[in-house]
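Written out below as structure tokens is the structure these notes cover.
The values are calculated or read from the model by the stated rules, or taken from the named source; none is laboratory data. Keep in mind that what you see is a predicted model, and the values were worked out from it rather than measured. Using ideal geometry, Cβ is built from the backbone for each residue, glycine included, and neighbour counts are taken over all protein chains shown.
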Amino acid sequence: MFALPRKLLLLLILCVLTSVGAQFGELPLKTKGKLDGILSAKGNSWIEVKDDEGYPHRYLPGWIGGPPNRGGGYDRAILSQFDEIPVGNRVQLTWHWDGHLRVDRLKLLRPYKRKGVVVGSIVDKGEMWVEVLSARYGIPSRYYVKWVGGSPGKGGGYDQATISRIGELESGYDVKLVWSYDIRPRVVSLLGVDEDEDAFVPFYEQARTMPKPSPGIPSPPANPFDEVPGSVSPFDQIAPPAATVPAGNPFDLAHKPSPVPVPSVPNPFDQASPAPASTPVPFDPNIPANPFDAQPSPVPASPFDR
């Protein structure tokens, strides 16, 4: 087998198609369909959508009514959707063909979360955006440079570091892109999958990675706990106090009752002799009698009892 020249092969294919068309009529064309893609550009009465295969096409709204002088015009509902959806978002589009590609329905495919990470390869890029084909889902998305700072008069502007980074990368390069959603997807960070990120270093690993001090520069004071061998508790290295601490629990000593000293002077109350039992109570003779007990008996009956 020998390879045919490219021009001869194309001529042969054209001849075959011409003969088929002569026998069966015109080749069938697709007149309607549905697709997902990226809204890549738009004007007052049209949008351009790049499908997931990477082919951009321009679409017009459907025409309603007769000629313009009789009230006909573009579908106002579709025109309103053209205005509302920002460029750079993924959309779902239903279309038909009537001499032009017409939009029947247009839907914004908003991300289901506000931020995320995508790993994939670069398929296209511009000065302010980059398109990444997701390795997990197999679909491309466009990510724009993020605005940082305030208004332009106060120093705000597009992230120049991201713009420079996009300029360095080529199509087909594998990247890890952190994004957030603000009207359209935005680039938070953009790294190659083989690049090292700034990782958090635990405190117990920092001693191994810290550079040694240069000669002539005093070293910072050492941590006293680092001076103790690892197998010995640092608290065991504390010198005992000079004063002798009594053995036992100090709290038990605090609550132990101290011996009560014996007084040298006897208690005068212990020396008093008890009062004689026959001594009458001095208050009994002076208690006056109850005046009610002294009334004559019997008591007059109640007049109401009669």
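The figures follow:
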| read-out | value |
| --- | --- |
| Matching residues, segment 88-110, being under 15 Å from E48 (Cβ atoms) and surrounded by fewer than 16 Cβ atoms within 10 Å (Cβ to Cβ) | H100 |
| Scan of segment 83-124 for residues that are among the aromatic types (F, W, Y) and either within 20 Å of G43 (Cα to Cα) or in contact with a strand residue (DSSP E or B) (Cβ under 6 Å, 6 or more places away or on another chain) (or both), ordered by number | W95, W97 |
| Complete set of residues in segment 56-112 that are within 19 Å of G33 (Cα to Cα), among the charged types (D, E, K, R) and either under 35 Å from the mean Cα position of the chain (by Cα) or in a loop (DSSP other than H, G, I, E, B) (or both) | D75, R90, D98, R105, K107 |
| Residue match in segment 14-34 (condition: modelled with pLDDT of 90 or more and either assigned to a helix (DSSP H, G or I) or more than 30 Å from S141 (Cβ to Cβ) (or both)) | no |
